[in-house]
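A quick write-up on the structure given underneath.
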Amino acid sequence: MVEDGGNALVAGVRGPEVTTAELAGLVVRLAACPAGVTEAENIARLRVLEELKAACAGAQVRETTALQTARRDAERARGVPARRQGRGLAGEIALARRESPWCGSRWLTAARTLTNDLPHTLAAVTRGALSEARALLVVRETTHLSPAQRRELDARLAGRIHQWGDREVVAHTRAHAHALDPRDATERARTAERDRLVTIASAAESMVHLSALLPKAQGIAAWQALGQATGQVIAAGRAAGRTRDQVRADLLVELLTGQETATAVPVEVHLIMTDTTLHGHHPAGTGTGVADPAEEPAWLVGHGPLPAQIARDLLAPEQDGPSGTTRVWLRRLYTHPESGHLVAMDSRRRVFPALLRRMIILRDDTCRTPWCDAPIRHTDHATPHARGGPTTWTNSSGLCERCNHTKENPGWRHRASPEHLTITTPTGHAYHHDTPPLLRGHPPRPPSGPHSRIEHHLHAHIDIHWLPHAS
């Protein structure tokens, strides 16, 4: 009964006779649908809804490939060179799916591969038997194969793939790929070290993930060396109450930076906090039932919030001697009392000057395109300079390299202010992004009096960056 119900529901949203309005109506109906009244019904609905999610992914594949075909045909008819056809399309798809441009490009490639080379996998997704995530694993593991090899592999997986978990899907797909092209598999294994890299990504609770992708022998050797050094610290009684994992993490920082202690970090860091948070006290005190302004979170540019005390701890002098002492630069920034946004700074130059560029990066934090979390690489004119756009705080955006290049394609338009960015795509769809306040979670404070000048209401914030004293 579950299978029949799931297929009936999926069949109800398929076919050319279903309009966009009807699909939108289904979203509304599902949003208002109450949960089942029995445990058996709860389980049955979970299964059907999972199948519906997969079937929707199959429908998105069809919409994506149809869009790409239509766009290329239209641009070909207008005489656009083949190498330029479809440029910017991944960015449009990303906005429609509420994802980053990188994800939009990945989805566009996947939709084309599923449609042309993996028909059995796509059929399993469309009928609700295989999730979108597992279909994308098959796409990822077959990118290096020829279309004919992908179709052969797809036929080998047909009828069984819906029974496997993620690891099994990867293992079976990779094994068949190796069997279909063993020479390429060997060569790829020997040349994969060209892709070695180190990455950083924000994690919860004021932490980051520092990851290294290394050849297997080198990675194992580095891990063993770190383990041996950790054992030596513990054996010598220098763990100072730290666990083995904590010692290992501190040693990694010390070995990479050359510092005697892990906390004396030799890099420039931009940390935004209010002057009240910096000093750790507020004249009004606490106990009033209102959040203490001295405990409003700080903001580490490009990485997110830090608890106030953690930010103050970063600036506290070390107890291990002069090697841990840090030099601190303070730059006072001012924000509007109601919106929390930085005040303006303009230039008559074509290129954004250094201080204005720094203010734009502090304001936008990451790429300003909706749902794109990439680091800012370009400070961009929302209205291009070639079309009279000024080099001003109002006409500026911090964008990643991909989004800045996408914006230059025909039909794209950005309209910006310090508070908002609106992006219009070639299909006429508009997407809006509201600029967050300088400190997220920092509530605006009302002016102290109705007749005070606005300059007296500007909130002081501190941009802190530091380097250790040279030894």
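Of note:
- Of T115, T186, T191, all but one fail to be surrounded by 13 or more Cβ atoms within 10 Å (Cβ to Cβ), part of a helix (DSSP H, G or I) and either assigned by TED's automatic domain parsing to the domain that holds A249 or of a type in the set (S, T, N, Q) (or both); the exception is T115.
- Selection from the stretch 131-142 of residues that are of a type outside the set (S, T, N, Q) and farther than 16 Å from H176 by Cβ: E132, A133, L136
- Among the residues of the stretch 213-222, just one is exposed (fewer than 12 other Cβ atoms within 10 Å of the Cβ) and either at pLDDT 90 or above or β-branched (V, I, T) (or both), namely I220.
- Every residue from the stretch 352-388 that is part of a loop (DSSP other than H, G, I, E, B), modelled with pLDDT of 85 or more and over 18 Å from the mean Cα position of the chain (by Cα): A382, T383, P384
- For the stretch 32-54, the criterion of being of a type in the set (A, V, I, L, M, F, W, C) and closer than 23 Å to D117 by Cα is met by at least one residue.
- Yes/no for E260 being in a loop (DSSP other than H, G, I, E, B), at negative phi, at pLDDT below 90 and charged (D, E, K, R): yes
- Selection within the stretch 150-175 - surrounded by fewer than 18 Cβ atoms within 10 Å (Cβ to Cβ) and not in a loop (DSSP other than H, G, I, E, B): R151, E152, A155, R156, Q163, D166, R167, E168, V170, A171, R174, A175
- When the stretch 202-244 is filtered for residues that are assigned to a loop (DSSP other than H, G, I, E, B), polar (S, T, N, Q) and free of Cβ contacts under 8 Å to residues at least 12 places away in the same chain, only T243 remains.
The values are calculated or read from the model by the stated rules, or taken from the named source; none is laboratory data. What you are looking at is a predicted structure, and each value in this text was computed from that prediction instead of being measured. Every residue, glycine as well, gets a Cβ built from its backbone with ideal geometry; the counts of neighbours run over all protein chains shown.
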